[in-house]
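What follows is a single structure, written as structure tokens, with notes after it.
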Amino acid sequence: MLKKNQVYSTRIEGYSSEGLGVARIDGQVVFVHNAVRGELCDVLILKALKNTAFGKVTAIREPSPHRLEPDCPYYGKCGGCDFRHMDYEEELWAKRQRVQDALTRLGGSDVAVEEILGAPEPERYRNKSQYPIAPDGAVGFYRARTHQVTDVETCLIQKPAADAAAEAVRQYIRRCGVPCYDETTGRGLLRHLYVRTNAAGESLICLLVNGDRLPREAELVEILRQYVPHAVGVVLGVNTRPGNAILGESYRTLWGADTITDTLCGLTFRLSVPSFYQVNRDQAERLYEKAVEFAGLTGKETVLDLYCGAGTITQVMARQAREVIGAEIVPEAIADAEENARRNGIENVRFFCGDASAVAADFAANEMRPDVICVDPPRKGLAPEVVEAAASMAPQRIVYVSCDPATLGRDVKRFAAYGYCAVRAAAVDLFPRTANVESVVLLEHSGRNE
């Protein structure tokens, strides 16, 4: 067994799902911070367990040509980025391999990941920013695996408007003496700052609060409008629940609009604060194009879109299908989806508000037979009953859009038990410089001969 605080020389073989380097020392797997594949390094063991260990690079004996000097002063201090110590080419290799490993090892599938679509612009891409606010007034991001907030003035993956809004909130806290939330005591008001920015550069700003109001709200609005001149609205979200959940139980508009509109795949979408919308608009277009390609639509199909959010994939697919039915548990998102369909003149869509498990079971019980089912679940993936209900509807194709390769692999194995096997797979990088990656998998029934 490896010893803590001991230094070992080793070569980095690959990457973990969190973006850590992976090495093997004396037969033991070691996860190494700040490492690049192929490098020969001296590694200090920080934590030694029975079968695995964790360490950090103390010296690089043979550096990789892909290694970079991190360009962010907060790298390693906040838990946002994972790959700023390597070039983008190597990052894409790591992400494609992560999806492939998940499908092979967890999914038991022999499908090959055909490609990974990298981002033309890997910086300043996030159109939604969520900043936790610390009891001492720091506005930034949590350090990795902690709830300690690192105060961040400039983040290279957020929009400049979000940085400006964060500075405005710091000014408001200092000027107005606003108490900030302490999750250990449940006291204090300001919990999170939320900023959503569209392609036109407009921003919707929301403050999440442990209460139903803030001191000197008019002054808060004035400061935000000064720092973020292209803001379209300021909203207060009430979140009095314990823990670190971000979004509110109810919302009140302090100034301007409570929604923002954006364009995606040639369509216009109205977005409220709770509506799900991909954080990287340009890459989301490529993701949805790949999903439509995998769906194989000819204009004759009925499509069921589970976890439809504000109806983005629903409406993109509706342009090439006979009918698309969207389901989503968030009422505000369904209201946005219905309004978006009206705005875009899309009439061959219907939306249902409800939990995906209940909606899928209800549709299956009513012998609904969609030709294609599209699922785009949250990080936790699909519940077993959703997999069962989807398979029982006997669609020709299932298109699985995933933001977590591990739960994707697990669910691919679950679908295989019902005869649905992965036949195509691709990855799309919506989250440059972080370990997160999106993927699309096409599943077809192994007994079909179409």
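None of the figures in this text is laboratory data; all of them are computed from the coordinates on show. Model, not experiment: these values are computed from the prediction. FYI the Cβ positions are ideal-geometry reconstructions off the backbone, even for glycines, and counts take in every protein chain you see.
Worth a mention:
- Placing unit charges on the Cβ atoms only, positive for Lys and Arg and negative for Asp and Glu, gives the chain a dipole magnitude near 1160 debye about its Cα centre.
- Rounded to the nearest 20, the Cβ-based charge dipole of region 21-170 about its Cα centre (Lys and Arg +1, Asp and Glu -1) stands at 600 debye.
- Local net charge near T268, Cβ-Cβ under 11 Å (Lys/Arg +1, Asp/Glu -1): +1
- Furthest towards positive pole of dipole, A389, T52, Y277, structure part the chain, Cβ charges: T52
- Among 48-56, 329-337, sorting by the average number of other beta carbon atoms lying within 10 angstrom of each residue, highest first, gives 329-337, 48-56.
- Around the amide H of Y15, modelled in the peptide plane, lie the amide H atoms of V22, all under 5 Å away and 5 or more residues distant in sequence or on another chain.
- Cα gyration tensor, region 7-67 - rounded (a/c under 1.5), prolate or oblate: prolate
- Each of N340, A365, N436 was scored by the projection of its Cα onto the charge dipole of the chain, and the greatest displacement toward the positive side belongs to N436; charges sit on the C-beta of Lys, Arg, Asp and Glu.
- Region 120-151 versus region 196-239: alpha-carbon centroid distance in Å: 17 Å
- Region 277-354 and region 427-446 have their alpha-carbon centroids 18 Å apart.
- Taking every DSSP beta bridge that has both ends in the chain, the antiparallel portion is near 65%.
- Shape category assigned to the chain from the gyration tensor of Cα positions, a/c cut at 1.5: oblate
- Using the Cβ of C308 as centre and a radius below 9 Å, the other residues enclosed give a net charge of -3, where K and R count +1 and D and E count -1.
- Entry note, the chain: relative contact order of 13 percent, from Cα contacts under 8 Å with a spacing of 6+ residues.
- Per-peptide packing, taken as the mean over residues of other Cβ atoms within 10 Å, places 343-352, 412-421 in the sequence 412-421, 343-352 from highest down.
- Dipole of the chain, positive direction: furthest Cα of V30, A291, H445, with charges on the beta-carbon: V30
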